[in-house]
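S.K.: The structure under discussion is supplied below as structure tokens; questions concerning it will follow.
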Amino acid sequence: SLRDGRFVLIYTTDILVEIVEVLGRVPLRTKYHIEIDDITALINLIRLRGELVLPTRRIKACRDANDDKFLEAAAAGQADCLVSGDTDLLVLGRFEGIPILRPAEFLARL
């Protein structure tokens, strides 16, 4: 897991903002019983154990332009893979040699 260092999570400031925004949505918080403290703990874990990258180039490769930030992070961090459940990213299969995997596929490779 992330806590025990089995992998390094690459992130950008834009990705952290999206995590807070998405997890902060009331319907999602209600459905999954997410408290504000849970979101804070997740962000703190990412910042503590993850690696902040600063993309140096804009990428426009995803059919949903809002998801290009994940490709930018993967490229800037020289990621071994990009993990997502988002079909707009998964449909790409690979990006610049970086496989795009569903969470279950990633966990199976750990």
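The values are calculated or read from the model by the stated rules, or taken from the named source; none is laboratory data. As the structure is a prediction and not an experimental result, all values here were calculated from the model. Cβ atoms come from the backbone with ideal geometry, glycine included; neighbour counts cover every protein chain shown. When the accessible area is computed, the model is the full protein with side chains, heavy atoms only, and any ligands, DNA or RNA have been set aside. Shrake-Rupley method; radii C 1.70, N 1.55, O 1.52, S 1.80 Å.
S.K.: Check region 95-107 and report whether any residue there is surrounded by 11 or more Cβ atoms within 10 Å (Cβ to Cβ), part of a loop (DSSP other than H, G, I, E, B) and either out of contact with any strand residue (DSSP E or B) (no Cβ under 8 Å at 6 or more places or on another chain) or not charged (D, E, K, R) (or both).
M.R.: yes
S.K.: Still on this structure, I have one more. List the helices (runs of 4 or more DSSP H) inside region 1-90, counting only whole elements, that have at least 2 residues being open to solvent by 90 Å² or more (accessible area, probe 1.4 Å), at pLDDT 95 or above and under 20 Å from P103 (Cβ atoms).
M.R.: 26-32
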